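Structure record follows, encoded as structure tokens.
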Ligand code: ATP
Ligand code: MG
Ligand code: MG
């Protein structure tokens, strides 16, 4: 607990990580733009202003901490490798005699996951079931995509391999006529295609990896939080129900094992968000994995003995994580988390937060993110009760309001 943790990225996830660190007096330094959300609540620390995609800025962060971690996967992993191994790879390969600093989870994990195609190939090579996917060549043409359409069927999803979040980077192709529009929308990005997932429900599991090695038995290297249900609108997470509603126990068990198996094939320690599809066929397929705290795990702050942020800090620092810490607080605990997204007006999200203040038991988080664009994650509300119907009743007016401010 005497270590200083350097965090690449200072958005809402970094901010909530900082909140958890503060209670244990773990020091955090953040690399991001000046006054980023995580920096606002940790004013005493010597943060680094700059970008997590800039190697020099990452080196400056490394100098100020004992260990690094990420709140976002879109970081420069070459410099993380160099800092971890002392080797600069690539054409000008050389030994670097300067600073060494480890990152958790391991830079290899972040590098593999930040490219969704590489991530899926890695999972597939370990027999972890994912959505069916097809790589595309760099400058793929409409003709290439027509072939893919014949192969995968319609609709299919065209996805950016990199830099994706909140569905920015996804384009559903509903029929051959939509191909040129899709290529126009994603023209400057490296792409791959995914078969449409015919899902009954989207599920997510936060998994904590506590061992460094990849490919250990998942029972040994991981523990899992409960299986939650996530509801997305226009590819943006809107609601999380914990535990998932009306899912048979056998599916819950399978989902937890799948999530733990998926995380066990990566290197290093920390929490991982595992998104999956529960298919009409009853199969469970991995959608994607995040090597960090995740939107679907915000509910853990109020609903579990250890939050995903507590668990992440403990995992990366090698501190104990009691197994019951990652379950729901009691067998009766039910939680709903609603994201507060930017609306049509610059202050729409604030009126929403104000409404939430009047709801009994509502836990409100506002991230301090500055300008609210429509669909931008500005905060969230979590309600925890002993009864899911009761939680749903209390959340209803807020859900209605969320729909209202979008229009
Ligand atoms: P985030 O990182 O914010 O979760 P993202 O930009 O990485 O989002 P994805 O997770 O790939 O995007 O997709 C966002 C949502 O789009 C999914 O949660 C799901 O609702 C839908 N989606 C993604 N892939 C498919 C697919 N192959 N078939 C059907 N729906 C999909
Ligand atoms: Mg993603
Ligand atoms: Mg996703």
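The values are calculated or read from the model by the stated rules, or taken from the named source; none is laboratory data. Owing to the predicted nature of the structure, the values given are computational and were not obtained by experimental measurement. Neighbour counts are summed over all protein chains in view; Cβ atoms, including those assigned to glycine, are modelled from backbone coordinates with ideal geometry.
Values computed for the structure shown
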read-out: Residue 116 being within 20 Å of residue 197 (Cα to Cα) and out of contact with any helix residue (DSSP H, G or I) (no Cβ under 9 Å at 6 or more places or on another chain); value: yes
read-out: Helices (runs of 4 or more DSSP H) completely within region 139-250 that count 1 or more residues being under 29 Å from residue 402 (Cα atoms) and without any contact (Cβ under 8 Å) to a residue 40 or more places away in the chain; value: 179-185
read-out: Matching residues in region 154-168 - criterion: being over 15 Å from the mean Cα position of the chain (by Cα) and within 11 Å of ligand 2 (Cβ to nearest atom); value: 159, 160
read-out: Residue under evaluation residue 1, criteria (1) touching a residue at least 40 places away in the same chain (Cβ under 8 Å); (2) within 19 Å of the chain's Cα centre (by Cα); (3) surrounded by fewer than 24 Cβ atoms within 10 Å (Cβ to Cβ), criterion not met; value: (2)
read-out: Any hit, region 287-304, residues being surrounded by fewer than 21 Cβ atoms within 10 Å (Cβ to Cβ), under 19 Å from residue 237 (Cβ atoms), at pLDDT 95 or above and more than 16 Å from ligand 1 (Cβ to nearest atom); value: yes
read-out: Subset of region 49-86 (residues that are outside any loop (DSSP other than H, G, I, E, B) and farther than 25 Å from residue 318 by Cα); value: 49, 55, 56, 57
read-out: Residue within region 276-295 that is assigned to a helix (DSSP H, G or I) and within 16 Å of ligand 3 (Cβ to nearest atom) present; value: yes
read-out: For residue 189: the one exception among (1) over 20 Å from the mean Cα position of the chain (by Cα); (2) within 16 Å of ligand 2 (Cβ to nearest atom); (3) at pLDDT 95 or above; value: (3)
read-out: Single residue of region 216-240 satisfying the filter (away from ligand 3 (no atom under 15 Å from the Cβ) and touching a helix residue (DSSP H, G or I) at 6+ places or on another chain (Cβ under 7 Å)) that is modelled with the lowest pLDDT; value: 216
read-out: Any hit, region 25-38, residues being surrounded by fewer than 18 Cβ atoms within 10 Å (Cβ to Cβ), under 29 Å from residue 262 (Cα atoms) and at pLDDT 95 or above; value: no
read-out: Residue within region 102-111 that is on the phi < 0 side of the Ramachandran plot, assigned to a strand (DSSP E or B) and more than 16 Å from ligand 1 (Cβ to nearest atom) present; value: yes
read-out: Residue satisfying condition, being closer than 20 Å to residue 368 by Cα and without any contact (Cβ under 8 Å) to a residue 12 or more places away in the chain, within set 44, 50; value: 44
read-out: Top-ranked residue in region 362-396 [being surrounded by fewer than 16 Cβ atoms within 10 Å (Cβ to Cβ) and modelled with pLDDT under 95; ranked as nearest to residue 302 (Cα to Cα)]; value: 370
read-out: Single residue of 172, 176, 155 found to be away from ligand 3 (no atom under 16 Å from the Cβ) and under 14 Å from residue 196 (Cβ atoms); value: 155
read-out: Breaking point among (1) more than 14 Å from ligand 1 (Cβ to nearest atom); (2) surrounded by fewer than 19 Cβ atoms within 10 Å (Cβ to Cβ), for residue 208; value: (2)
read-out: Near pairs, Cβ below 9 angstrom, 6+ apart or cross-chain, from region 23-41 (on the phi > 0 side of the Ramachandran plot) to any residue that is surrounded by fewer than 22 Cβ atoms within 10 Å (Cβ to Cβ) and modelled with pLDDT under 95; value: 25/1; 25/2; 35/370
